[in-house]
Amino acid sequence: MDNRVLSSRHEGQGLTFEVHEYSTLAGGSVGGAERMYYAHQQGVILKQLAVRLDGGRALLQPGALQYMQGTVEMKVTGGGGGVGGFLSRAITSAATGESGYKPEYAGRGVVWCEPTFKHLLVGRLDGDEMLLDDGVFCACEGGIKVGRHVNRNVGAAALGGEGLIQAKLSGTGNFVLESPVPMSEIEILDLQNDTLTVDGDLVMAYSPTLEFRIEKSQKGLLNSMRGGEGLVHVFRGSGQVWVTPTVGLYRSFEPVIMTPSS
């Protein structure tokens, strides 16, 4: 019996994103069951994304697929080289943050992604663009291009001139983000020729119209989880910034789920 409960549906062009939640988790061992029961009682719920295709196309993060049913065709977008080239590039992508290669699924059927304890947030672009923090992208419609953006300003300050590589979404359609916090705990700030200074790695997404730099704190008292002691994240100009004020608290007591013993 399937204990997944449909939480939300988001219709797009020839497809629907569905977020499912597991009502119960029995676990494979006594210790594992106890940990999962406690996590569920505290509101930590296992979620799973289903992509129902009805002639549309979807791009997923490499490794997101768990299984699929129906007449669904998978191919790799963002470059050639075949499966071997894709796997080789995917390893490089995980190490550098580059996100040029994404599996594309098209046809008619349903694609189930790997379950996650993180929050699955569904948003929409209407001809605009968004830059994402590393590991946030989950899926999007075929009408959205998933590229990469190299921020040379960040590299000059903190990465030895190499630049920070981030996923860049552009186009029109729905997208899915995998977030450590729920949407209710994300503060979307609209900057109008303004400056935002953030202490720590709290920004999940922002507009590419903004100038982003990692700079030294004037007083040297602030800490940046990404850049090291005395560094802050600074955004200047006009655009949106998605800030996650509570993420540090969740990271401090992130639950560890035990795997069943063999």
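So what J values fall out for the stretch 120-134 if you push phi through Karplus, 6.51 cos²θ - 1.76 cosθ + 1.60 with θ = phi - 60°, rounded to Hz, Gly and Pro as x?
9, 9, 10, x, 9, 10, 10, x, 10, 9, 8, 9, 10, 5, 4
In nm, to one decimal, how far is the E185 label point from the E21 one, both placed 7 Å along Cα→Cβ?
That separation, rounded to one decimal, is 1.4 nm.
Need the list of lysines near K75 for cross-linking: C-alpha distance under 19 angstrom, and skip anything on the same chain fewer than eight residues off.
Output for K75: K102, K145.
Hey, with R₀ at 25 Å, roughly what FRET efficiency would Q240 and H10 work out to, going by the Cβ-Cβ distance, to 0.05?
Taking R0 as 25 Å, the efficiency between Q240 and H10 is 0.80.
Which sequence of T209, T246, T197, T16 reflects their accessible areas, 1.4 Å probe, from the largest down? Walk me through the intermediate numbers first.
Values: T209 100, T246 45, T197 80, T16 15 Å².
Result, largest first: T209, T197, T246, T16.
So how exposed is M68, as accessible area in Å² (1.4 Å probe, rounded to 10)?
80
What FRET efficiency do you get for V44 and R124 if R0 is 22 Å and r is their Cβ-Cβ distance, rounded to the nearest 0.05?
On the way: r = 27 Å, r/R0 = 1.22.
After rounding to 0.05, the efficiency reads 0.25.
How much length would be gained if the chain were fully extended between S170 and E211, taking 0.36 nm per residue of separation minus their Cα-Cα distance, in nm to one decimal? Numbers along the way, then the final one.
Details: separation 41, 0.36 × 41 = 14.76 nm, distance 1.76 nm.
13.0 nm is the gain from fully extending S170 to E211.
The values are calculated or read from the model by the stated rules, or taken from the named source; none is laboratory data. All values derive from a computational prediction rather than experimental measurement. Positions of Cβ are backbone-derived with ideal geometry, glycine not excepted, and every protein chain shown enters the neighbour counts. What goes into the accessible areas is simple: the full protein's heavy atoms, side chains included, and nothing from ligands, DNA or RNA. Shrake-Rupley method; radii C 1.70, N 1.55, O 1.52, S 1.80 Å.
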